[in-house]
1. If you look at just the Cα atoms of the range 162-211, how large are its Rg and its Dmax in Å?
2. How many nm is it between the label spots at Asp170 and Gln211, if each spot is 7 Å from the Cα in line with the beta carbon?
3. Between Val178 and Phe108, what's the calculated FRET efficiency when r is the beta-carbon distance and R0 is 30 Å? Round to 0.05.
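Computed from the coordinates by the stated procedures, all read-outs in this text should not be read as laboratory data. Predicted, not measured: the structure shown is a model, and the values here were computed from it. Counting neighbours? That spans all protein chains shown, and the Cβs are built from the backbone with ideal geometry, glycine included.
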Amino acid sequence: SFEHRKATVPMQKNGAIPGAAAQGFAFYAAADQFFVNLTLWAPMVEHLDSGFALSTYVRAAYLASVGGGDLLIGVAATGGETKCVECAERGANADETEQTFKTEGTFFDIQWQGELGGAPVEFQVNHFNTPADSYGAHEASGTGVIFDYSLNEEWILKAAVSSLDDTDKDYIIEATTVGVLWNIQQNTSLRVEHTSYSGDGASDDSKTTIQ
């Protein structure tokens, strides 16, 4: 995974409640070739008061062995509503003290882990869509592609591209990320990542993280 998650997984940048904590109840079931997660949740954000009107999150995935590796095909969706009080800054009219927002969105991903030329690799494609009037999110869609290549047990090369199409603000942000992970010894590693942005909605020329 990348430290620059918002640049590699567009849903992280424009999710139903991006960057916010949540609370609720989760139910999980699994077998050899699938798993299902059903969660009743509410965002833990200042001014939100959802009470018992919890939103629903469903995640399901199919697992299989393909091409000598492990394949995952997954879908997820969230739906429902949450209330915001004293929330003029979040889109309500200034004289309104309470407004109801949707918490809706869909997500699709494919992941494959296997070997390429005898070296471990990981490939992932993710796509999301959020409708208009979703709390904390614009009407938007986005796609990301991630690739990890392990040179050996110490060195892992990483690359990703993504595109976020924001319909509400009428712009597109594209990001290209490269990185390297050096496993120096047990529990000690060095990670370097660099992201460059383009598109009419891009506000950052680049971003570099060393940790």
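1. Cα radius of gyration and Dmax of the range 162-211 are 14.9, 47 Å respectively.
2. 3.7 nm
3. For R0 = 30 Å, the calculated efficiency reads 0.75.
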